[in-house]
Structures are given as structure tokens and as C-alpha cells.
Amino acid sequence: MAQGKYSRVDGRKSSCSTATIVVVVGVCLVGVWMFMSSSAAPGQNLDLPSAESRQKVSTKSSSQFEDNSGDLPDDAVKDQENTSSEGDTNSDEKESNTNDVETNTGDDSSSSDEKSNSEDTNSNSDSNESEKSNSGDNDSNSDTNETEKSDEAKDESQSEEKVEKEEEKQAEEKQAEESSSDNKTEDLSAATQSEILKESNTQNGAFSTQAAESESEKESQKPSLSKNQEVYKWKTCNVTAGPDYIPCLDNLEAIRHLHGRSHYEHRERHCPAESPTCLVSLPEGYKTPIKWPRSREQIWYSNVPHTKLAAVKGHQNWVKVTGDYLSFPGGGTQFKNGALHYIDFIQNSLPDLAWGNRTRVILDVGCGVASFGGYLFERDVVALSFAPKDEHEAQVQFALERGIPAISAVMGTQRLPFPSKIFDVVHCARCRVPWHIEGGKLLLELNRVLRPGGYFVWSATPVYQNKPEDVEIWEAMSKLTKAMCWDLVVVNNDKLNEVGAAIYRKPTSNECYENRQQNDPPLCEKNDDPDAVWNVQLQACMHRVPVDGSVRGSKWPKRWPKRLESPPYWLKSSEVGVYGKPAPEDFTADYENWKRVVSKSYLNGLGIDWSSVRNVMDMRSIYGGFAAALRDLKVWVMNVVPLDSPDTLPIIYERGLFGIYHNWCESFSTYPRSYDLLHADHLFSDVKKRCKLQSLMAEVDRILRPEGKLIVRDTVETIAEVENMAKSLHWKVRLSYNKDNEGMLCVEKTFWRPTEVETVTYAIE
């Protein structure tokens, strides 16, 4: 084991009275005496442990985390069931020191025998010299005793020095062995690891950042800056929203000062000047969430204690209250007889959709409780669902508790936080969005995010009912979609559910745009960047379709699942990737790296029960390699591309994954306790350059479920800061490992909440 991490044998010194040493044999037992005095407390059993007992001690730490052979080194594992107590740590150090002594005992005894012969010779020589110089002196025995005591002290020092050298030699051999086991261990060394792991030194390559793209469209927000605190004192948030608090959506003071709400301004993000550092409370009686796939049909009522939606939408099979549970029959407004029948109805209406083949990633607008997205997993399709907070009480929270991807968002006055031309299908089932008003501004936003050749599935009463209002809306939609050059591919009715759906297709060329008699809706100005979205206002215009075969959006991606592993066709070898290689090579190297990390470290080396993990977030995703490496697990991953990171989110969508832009100096648009696992690769060291690290940790605590895991890969300095904060939050440290200047940390959130309260004035009604 590494010497720097454990106390050394020669670090413990104890005295021994000369009365305990028989003069005749004392010098022959120096080695044994040293062992007893340095490792055994008074009254302790001094019998040497057997080889079997030593083996049990040495494997105890790693077995607690199911750390398999060839994964993380034994000394990388740190399990602290109670991080606020130092007892376990001290105990581990004592065991470590005992093991060190046991390892060196044989060498010490053999060297003691060699020293004994030399010591006897030296002792006799000294005695003869004493006798010659003091012949006839009756005090010769006293002089001899003094000489022997001096020699014993000298021999003790020499023996200790021998032990120290042996330990240093063993430590060097172990370190060399660890450094040569690349085929077994994920190497975190900055000197030997692949460039792909050095994300603290990454360049933007050929990619701009979302912040840079949006700068020309709006006035950039200024994150608050403050020095990181070394001592953390946490308090529980006192807010009107209580356990459901979302700081950027529950800024009631900012909402009160809005000039209007007709465009859902009050449902948009209004972040406080400085993110809160208080912790969100737990609902009374909160329990460990039910595992997927059972959670799709049933969740604990105590975790999301809201019944209004069950009363209003229960007859449509949205949600029902059943004892201690909330049950979800799988229905919705447009599919009372189940989502799977509705999904097959859409497929049969237009076979070219090809769920799980041509169609992989869809956007579900106004999702309700997201049963549509929940059952699309059966067809190998991922749906990112969104709805505004509180339009239907806790609908997005229900979705996340069920294990279905969803965010709180609204189609209001600003662009959605997604790049252009990324969704294969956009779906709206009675989503209550007035697509046809104000020049079709909201439908034009869907046009921005929809791939050329992609489909818009609209299932709403204007499609199949003849009420005057429905007829009026249908006529307005028909006029608008024709002006947008969308083809109405099919209109079909579902007799079982007594509903209908209209399916439109976005053009793949600009021919229709150029041949329109009226430029209405107008084409966007050439300097209007369709990928600039952060706090950018909506505009009622259309962007031209790319026709150059080497440009993103000019071709449909490869069929799923080939698109997951293949570099997008528009990544050019002449462009430099994030890690410095040609972009396609960068993509492939990133994927290979994360497959190795996940298989060798994450799946078996962290002690995580992956059957209890469903909702995952990669807080700083590059190419989506981490999410891709988890493909065979029953999880979904929200890939977050921070504003100041290379804008690689289009690549993530191209490979059949999904994600979102975000500024981590602000709160994420999700409910508390949404995720089972958060993954942060060199995120914290980047964020602390711009805003308070404690605020980010409070946000991590907010969106992570109790018993959820946080995996951090970062610099050693940042790892230490995060670990310190995690301990102050009473989290369990499952693993803390570092080598050179790179480290990894795995911590587990607990149910602990502070007793002291902090009132957040801007979040109080």
C-alpha cells in the first residue's frame, strides 16, 4: 500500500523499561521487543495472526464495494458509513499498520539473528577492553551493563532503520506494480493516461460554445462571483414551494414584477442574482423510490404527495390514488386505452416513422405524466418530454419519479434550450399550445428543432372534431403549415380511442421556400444563428435548410443503433476535436475511453447497485460517450452541455441520445430528487472559476435523490473541496482516489437535513 496514505510502523515509538529485558538474552530479542513495543497496547494479545487472518484483514476494504479484480486499486476504496466520525478511519489505519508489521516480521527476525552475532562479538570485545583497563576493579559489571544498554539503544535504532528501508522498498515495488497494470486498472495518472481524460486541458477545437453563439443575440448574463468557503454551514430552505422548490422557476419576487403573463412569462426561468446555498426539505414520509420498470406503473404517494391531477384526469387513466401508491394505468387524454396502442396507431398510420430504427429521438410537447414517452422505451425510442411547472400539478415530477425523461419548460417568449435540426419527431397530444397565433411563432420554433425530413405528429381535437372552434383552428393550421412548406402526409383516426392524428413532414430542400408567392412566414436573416438559444427571444421566421452534403442537417443520420457508434458524417478530419485529434478520431477515442471506464470502474468498482439506478445525468457531457457506454443498462442519461463548454450537443443528438444546454451557475429546470446518479467530469473545477462552488453543491443536493450517487472526476484540489462539502452534508464517501493531479470521488447522498432554517425571501408568497 502507498506509504503516504497510512501510518508507518516506525512512526509509532514506545519506551520499554530495562526491567522487562533479561540482560543475558536481551540483545538476542531486540527484534521481537521492537515488534511488541511498537504494535501492541498493554494487555493486547501478542500472538502473531495466521496467514488466513491476515488475508481477511487485507481484503476487507475492497470487498465492501464489490471491487473486482483488474478494476480500481485496493487503496482506492474508501467506505465511510459515517463520514462525520473519525473512528472508522482510525480503525482502518490501525489495521493497515498491523498489516505492515506482519509483512515485515520475517525479515526483521532474520536480520535480528544476524545482528545478534555481531552484537555478541562487539559486546565481548567491549568487555575485554573494559577488563584490561579496569583489572581488579569490582565495578566492571556495572560498566558492562551500561555498555550493553548503549549497544541496545544503538541496535534498536539500526533495526528501526532496517524496517523503514524494507517498507520503502516494498512500497516502491507496489507502486511499480500498480503503474504497470494498465490492462487491469483505470489509470488516472496525468503522465500516462490518454489525452482523452485530460479534460481540464481541453480546447474547444473546431467547436464554438453556446455562450459565444448566443452573445450576439442577447446580453450575456453575469454569474455572481464569490470566494469558495472552507467551512460549510448548511440550512434548510424556507420557501413557499417547500419540498418542490426550483429556484429559477419559483422566484416569486421576479414573477410579481413581470409586465405580462399572456405568453407564459411566469412559467419561464427567472433565476435569482445568486443561487441559494440552502437545502430543499424532504416530503414527510419520503421513501426510497420504486425501481424501474415497476415505477412506470406505480410510485410512492408520499414521495409526490399530490392528488389534484388524479381527481381531474383520473377518468382519462392518467393517474389514480391506490392506498400508499399513485398508480399510472398508462393512459392519457388521447390514449385512454393505453399508450402502447396509441404508439402502434401512429406507426401504422405512417410506417416510414419506423420506431427504433429511422426514428430514435423525439420531443414530446406538453407531456402530461409522460406515459407516451414511458412506453416508447418498448420500441427502442427515447422521448424527451417537457411541460410547464404547475399547469397540471406536478406532472413533470410524476414523470421523473416514474423513471421517464422530462424537464420543466414552456413554449413562451424564448427559444427552447436545444440546438437546431436535432429531433427526429416532435409530438403533441392535446398539448394546449396555440400553434397558429402570432404568425405561427411557436410552431416555427418546432420547425427550428425538427430535422429536415422529420415529422410533426399532432393529435388534437381540431384534427377529428367539427366544433366551430376546432374547424377554425384546423383551417388556420392548414394555412400556416402550407406556408411553412410542411407536407401533410397523413390524417388518420383511432377508432378505439375515438381520436385522430395529423402527421406533417418538414422539407429537405429550399425549393418550396424560394417558390412561395409570399415570404410569410419570412426566412430568417442570414446572420441569425439557429443554434444560439440561451435566453434568446423567439422570432417568427424560418431558417434555410442546409443542402451541402457535408453540412449537418443535409442528410438523415444512420439507422439506430449504428448511429450510436459512428461519427456523424459532418465531422471533418480537417477540424480539430475537443481533445486535439481530428474530429472523427476524437469522437471514437472518447467512446472507447468511456466504454473502458464504465466497464472497468463504474459497473463493478464503486459498489453501486445499478438495478436501483434509472435517471442519470452527465453534468458535463462532450460527445455523449459516457451515456453511450451505459446503453445496455436500463437507464437513460440527460447529457448536459454547459454554456462555456464546446458546443457538441448536436453530436449527442446525432448519435441517438439527447441532452440540453445549461449554465451551472443557475439551478437546473427540474424538480428536487429527480436523479439517481450524477456524473461530473471536470465540471466543478470549471464552475468555481465563475461562481460559488457551494451553490453548485446545494444544487447537486437538490436534484439528487437520497441514496443517490455523485461521481466526480477532477483535479486533486477540486476533489478535496467536493469531498469536504460532501462530508459536511453527512454524505457517505464510497470512494476517493487520486494519482498525480487527477482524482475520482464517489459519494452517496443520505436522508440528512439541517435543523436550522434559512428563509429565502424572494421565494415566499
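Here are some notes:
- Per-bin percent of Cα-Cα distances, region 279-368 [5 Å]: 3, 12, 17, 20, 17, 13, 9, 6, 3, 1
- When peptides 741-752, 656-667 are ranked by their average number of other Cβ atoms within 10 Å per residue, the highest-first order is 656-667, 741-752.
- With 0.36 nm allotted per residue and the present C-alpha distance subtracted, the K308-E438 stretch has 43.5 nm of extension available.
- Surrounding net charge for P507, when Lys and Arg each add one and Asp and Glu each subtract one, Cβ distance under 13 Å: +4
- Dipole-positive endmost among S645, A589, G607 within region 564-673 (Cβ charges, Cα centre): G607
- The residues neighbouring E756, those whose beta-carbon lies less than 12 Å from its own, together hold a net charge of +2 under the Lys/Arg +1, Asp/Glu -1 convention.
- Average accessible surface area per residue within region 439-541, 1.4 Å rolling probe, Å²: 48
- Too-long pairs where the Cα-Cα distance tops 29 Å, listed order kept, from K421/K467; K233/K689; K421/K572; K233/K688; K482/K572: K421/K467; K482/K572
- S728 versus D609: modelled label distance in nm, points set 7 Å from Cα along the beta carbon direction: 3.1
- Cα gyration tensor shape for region 415-474, rounded if a/c is under 1.5, else prolate or oblate: prolate
- Order by protection proxy (mean Cβ within 10 Å, highest first), peptides 394-405, 375-386: 394-405, 375-386
- Antiparallel content of DSSP bridges confined to region 424-559, in %, to 5: 65
- Ranking of K600, K526, K291, K572 by solvent-accessible surface, largest first: K526, K291, K572, K600 (1.4 Å probe, protein heavy atoms only, all chains present).
- Taking every protein chain into account, the 1.4 Å probe leaves H263 with about 60 Å² of accessible area, to the nearest ten.
- Taking amide H as placed 1.01 Å from N in the peptide plane, N238 has its amide H under 5 Å from the amide H of E758, T759, V760, each at least 5 places away in sequence or on another chain.
- Electrostatic bookkeeping for Y375 treats Lys and Arg as +1 and Asp and Glu as -1; over the other residues with beta carbon under 13 Å from its beta carbon, the sum is -2.
- Per residue, the accessible area of region 658-765 comes to 26 Å² when a 1.4 Å probe rolls over the protein heavy atoms.
- Rg/Rh, computed from the Cα trace of region 513-579 with Rh as the Kirkwood radius, has the value 1.06.
- Cβ-Cβ distance of L488 and E525, R₀ of 25 Å, FRET efficiency by 1/(1 + (r/R0)^6): the value works out to about 0.30.
- Taking only protein heavy atoms and a 1.4 Å probe, the accessible area of region 556-632 is 48% carbon and sulfur.
- Average Cα contact separation per residue, region 362-446, under 8 Å, 6 or more apart, as relative contact order %: 34
- 3J(HN,Hα) from dihedral phi, region 722-728, Karplus parametrisation 6.51/-1.76/1.60, rounded to Hz, x for glycine, proline: 5, 5, 4, 5, 4, 5, 5
The values are calculated or read from the model by the stated rules, or taken from the named source; none is laboratory data. Since the structure is predicted, the reported quantities are computational estimates derived from the model, not experimental observations. Every residue, glycine among them, receives a Cβ derived from its backbone with ideal geometry; neighbour counts consider all protein chains shown. Just the protein is used for accessible areas: all its heavy atoms, side chains included, with ligands, DNA and RNA removed. Shrake-Rupley method; radii C 1.70, N 1.55, O 1.52, S 1.80 Å.
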